[in-house]
Amino acid sequence: MNAMKNRVQLIGNVGNEPEVKTFDGGKKVANITVATNDYYINDKGDKVEQTEWHRVTAWGKTAEIIEKYVKKGKEIAIDGKLTHRSYDDKDGNKRYITEVVANDILLLGK
């Protein structure tokens with residue numbers, strides 16, 4: 001069996017306009033949120049929609065594609081890896097972030 005890998009694949013809708021930053025050397029980073037929907041039947045027999053929000057970060061060429069073509073509401077497929085990081089907020093509280101670092105994206109829909 002091949003070694004297990006940290007890999008995430010999502011298909012969903014972009015929840016915000018991309019936030020793109022360009023660094024001194026010209027390298028770019030793009031941040032978006034992506035909503036994925038799932039459905040289940042509750043104990044009363046009703047179909048219930050559950051939406052999950054995912055933070056997505058892309059670097060380099062992938063960030064440039066997001067900057068140029070991705071808009072809020074656009075359906076997108078993402079292939080990447082799951083990462084975790086932490087920081088201290090202005091009040092000194094430790095905050096944790098889980099995000100997907102995108103390796104590839106595919107623009108879907110219209």
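The values are calculated or read from the model by the stated rules, or taken from the named source; none is laboratory data. Just so it is clear, the model here is predicted, and its values are computed rather than measured. Here Cβ is always computed from backbone atoms with ideal geometry, including for glycine, and neighbour counts include all displayed protein chains.
Structural remarks
- In the range 36-59, the residues that are basic (Lys, Arg) and modelled with pLDDT of 95 or more form Cβ pairs under 8 Å with partners that are loosely packed, with under 11 Cβ neighbours inside 10 Å and not in a loop (DSSP other than H, G, I, E, B), at six or more places apart or across chains, as follows: Arg55/Thr98.
- Scanning the range 1-34 for residues that are part of a strand (DSSP E or B), surrounded by fewer than 16 Cβ atoms within 10 Å (Cβ to Cβ) and either touching a Gly at 6+ places or on another chain (Cβ under 8 Å) or in contact (Cβ under 8 Å) with a residue 12 or more places away in the chain (or both) yields Gln9, Ile11, Glu19.
- Screening Val34 on (1) touching a His at 6+ places or on another chain (Cβ under 7 Å); (2) at positive phi shows it passes everything except condition (2).
- Boolean, Ile97 is under 16 Å from the mean Cα position of the chain (by Cα) and surrounded by 12 or more Cβ atoms within 10 Å (Cβ to Cβ): no
- Among the conditions (1) part of a strand (DSSP E or B); (2) touching a residue at least 40 places away in the same chain (Cβ under 8 Å), the only one that Thr62 does not satisfy is (1).
- Scanning the range 79-110 for residues that are of a type in the set (Asp, Glu) and outside any strand (DSSP E or B) returns Asp89, Asp91.
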